[in-house]
Amino acid sequence: MMMNLSDLKIGQIAIVDRIISSDNTTGIVQRLKEKGIVSNKRVQVLREAKFPSPLRIRVGSSKEITIQPQEAEMIIVKTDISAKDTIPDNRAELTEQVRTASLVSLTTIILVVIAGFYRILITRDIYQGNQAKVVANVVYNSSSTGTKNQTLETIDKSQVQPTKVASIETVNNKSDYPEKVAQTTNQNPNNYLRAKTHSPPQNVEPIAKKMTNKRELLELKQKLYNTIEQTWKTPINVTSIYLVKVDKNGAIATYEPVNQIATDNLEKTPIPSLVNSDPTTKKESLQTEWAEFTILFYDNGTLEVQPK
């Protein structure tokens, strides 16, 4: 709605539409423009004009001026202003708003960095735990002087229950160790260190190989993520981590909690229900191609799957 500036009430805000001018008021119009009263400028009445006091108004965000009643009658304003008309045009106010927005952005960046650091710590713990559980892949037969190249098959960590693996030492200098090796050279070496597993023991044939194709691993990772995410219903109050071995079709063959916390929370995860329970099918699938993944169930309900 259009009206004269002199018709505004105290505290009312309006936007300058135009200044009525004529040949006799050119000087007044010029003086008003010099005071900042121009089209699309925001104005607010601070004090009404009462003889002999002039009208006091605020122009923009902070500039305060006084004008005479007859000058106020020359200024046409509109009161039906929108949100965009109230945008502050004062540089100091804009600077303060930019500073506030920058502080918010900086706080967000700090929180993201902290979250990333926490994620790195978790990942580091995973690898340290894995290194502590690694069993030597190659053992030399101490009773032979010319057959140092004779090796035992690689021990599949994913088939050993974590409570047993934690007690197995990496190759050491104990005097009875060669005797243990000698006892196992004529047997399946997997039987030497295999404890109870979460599934029937698997003898991975020499033709079995670990998947290395990045595209296939990415597709398998997404498939495994979707399967677990859709079936995970029970919340976990402490972040729990598991190592799983899957076949090329995405079926879980074996799994292993990395610590006692993960073991305690195992029943809250869908992993046991997703294990391929058919020994024949599982053996056949692992004889072709397989992949290992680390699965992280975070206490905030987030799920993460990473190739190992």
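A few remarks follow.
- Residue check, V45 in contact (Cβ under 8 Å) with a residue 60 or more places away in the chain and on the phi < 0 side of the Ramachandran plot: no
- Here I109 clears all of (1) surrounded by 14 or more Cβ atoms within 10 Å (Cβ to Cβ); (2) modelled with pLDDT of 90 or more except the condition numbered (1).
- Selection from region 48-75 of residues that are in contact (Cβ under 8 Å) with a residue 12 or more places away in the chain, more than 22 Å from M1 (Cβ to Cβ) and of a type outside the set (S, T, N, Q): P54, K63, E64, I65
- Residue check, T227 hydroxyl-bearing (S, T, Y), in contact with a Phe, Trp or Tyr (Cβ under 7 Å, 6 or more places away or on another chain), within 17 Å of Q306 (Cβ to Cβ) and surrounded by fewer than 22 Cβ atoms within 10 Å (Cβ to Cβ): no
- So Q70, is it at pLDDT 90 or above, surrounded by fewer than 14 Cβ atoms within 10 Å (Cβ to Cβ) and over 57 Å from the mean Cα position of the chain (by Cα): no
The values are calculated or read from the model by the stated rules, or taken from the named source; none is laboratory data. Just so you know, these numbers come straight off a predicted model, no measurement behind them. Ideal geometry is used to build each Cβ from the backbone, glycine not excepted, and the neighbour counts take in all protein chains shown.
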